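Presented below is the structure to which this report refers.
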Amino acid sequence: MQHGSDAAEKPRALVVDDEKQVADAYALRLEGVCDVDTAYSGGEALSAVEERDMDVVLLDRHMPGMSGDEVLSELDERDYYGRVIMVTAIDPSFDVLEMPFDDYLCKPIEREGVRAAVRQQCSVLGYETLGEYFSVESKRAVLEAELPPAELEDNERYQGLGERATTLERRARRVLEDPDPLFDRFETVEREGR
């Protein structure tokens, strides 16, 4: 599966399970779909997310020390910008209604099931990221059409938009299967007002 114009850069997933064999097995199932890291505790998971942009976190609920529910809560508090799939042997109950995850898979999960879930969450993240990118780029385009270049160069907020747009575009291209037509369509919109 190719992602974006740079086929070498794939979506990034983190598999979190205190049972090393289980985490490693899920990592193997995701080979070819994304770049996979593993973490064997809640603390390791939070460190991994802090160190590297993870697009999808596959998170076991039942772990000693810091549970998956606690990791999920901490990710939410840190405004984690990605998708979370709970992958667990715990049967869901009404408590899941209050939990900020994006998908819930009950173990055992077949290879194609976990691959499909990760692909789906990458697509959702990609479109969310694309929407934010388009919002940032439309602001930049209207300012560039209406203000002189010297004024733009002196404005820190405008310069920050450029950096944000670059980050968002890179991520959208990484997680979406065929983003080029979406980016091309955006470029065809006329924004000059005068």
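The values are calculated or read from the model by the stated rules, or taken from the named source; none is laboratory data. In this text, all values refer to a predicted model and were calculated from it rather than measured experimentally. Cβ atoms come from the backbone with ideal geometry, glycine included; neighbour counts cover every protein chain shown. We work out accessible area using only protein heavy atoms, side chains counted, and drop any ligands, DNA or RNA first. Shrake-Rupley method; radii C 1.70, N 1.55, O 1.52, S 1.80 Å.
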### Task
Would you mind working out the accessible area per residue for segment 88-180, using a 1.4 Å probe, and quoting it in Å²?
59
### Message
Spelling out what I want: for every residue of segment 82-88, take phi, set θ = phi - 60°, compute 6.51 cos²θ - 1.76 cosθ + 1.60 (Karplus), and round to whole Hz; glycine and proline get x.
### Response
x, 10, 10, 10, 6, 10, 8
### Task
Could you pull out the longest piece of the chain with no exposed loop GluC sites (Glu not before Pro) in it, calling a site exposed if DSSP puts it outside H, G, I, E, B and it has at most 15 other Cβ atoms within 10 Å?
32-109
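Using DSSP H assignments, which helices in the chain have an axial alpha-carbon span of 20 Å or above and a mean Kyte-Doolittle hydropathy of -0.5 or higher?
Qualifying helices, which must be both long enough and hydrophobic enough, are 111-146.
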### Largest to smallest principal axis extent of the C-alpha atoms in segment 97-188, angstrom
59, 32, 17
### Summary
Partner lysines whose C-alpha sits under 22 Å from that of Lys20, ignoring same-chain residues fewer than 8 away, are Lys107
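Is it possible to state the helix-based mean residue ellipticity at 222 nm for the chain, with each DSSP H run of 4+ residues giving -39500 (n - 2.57), the sum divided by total residues, to the nearest 500 deg cm²/dmol? What is it? If you can, show how the numbers build up before the last one.
On the way: 7 runs with 99 residues, N = 194.
Here the helix-only value at 222 nm equals -16500 deg cm²/dmol.
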### Message
If I build a Gaussian network model for the chain, linking alpha-carbon pairs within less than 10 angstrom, which residue out of Ser67, Ser135, Ser41 has the largest mean-square fluctuation?
### Response
Ser135
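Where the accessible area of segment 1-125 is counted over protein heavy atoms with a 1.4 Å probe, how much of it, in %, is carbon and sulfur? Write down the numbers at each step before the final one.
Working: 2940 of 6210 Å².
Carbon and sulfur atoms account for 47 percent of the accessible area of segment 1-125.
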### Query
Taking amide hydrogens as modeled 1.01 Å from N in the peptide plane, which residues meet the under 5 Å criterion relative to Val87, leaving out close sequence neighbours?
Leu59, Asp60, Arg61, Leu105
### Task
Compute the signed sum of charges (Lys and Arg +1, Asp and Glu -1) over the other residues within less than 12 Å, Cβ to Cβ, of Glu163.
+2
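Need one number for the chain: average projected area of the convex hull over its C-alpha atoms, nm². Walk me through the intermediate numbers first.
Numbers: hull surface 50.9 nm².
Answer in nm², one decimal: 12.7.
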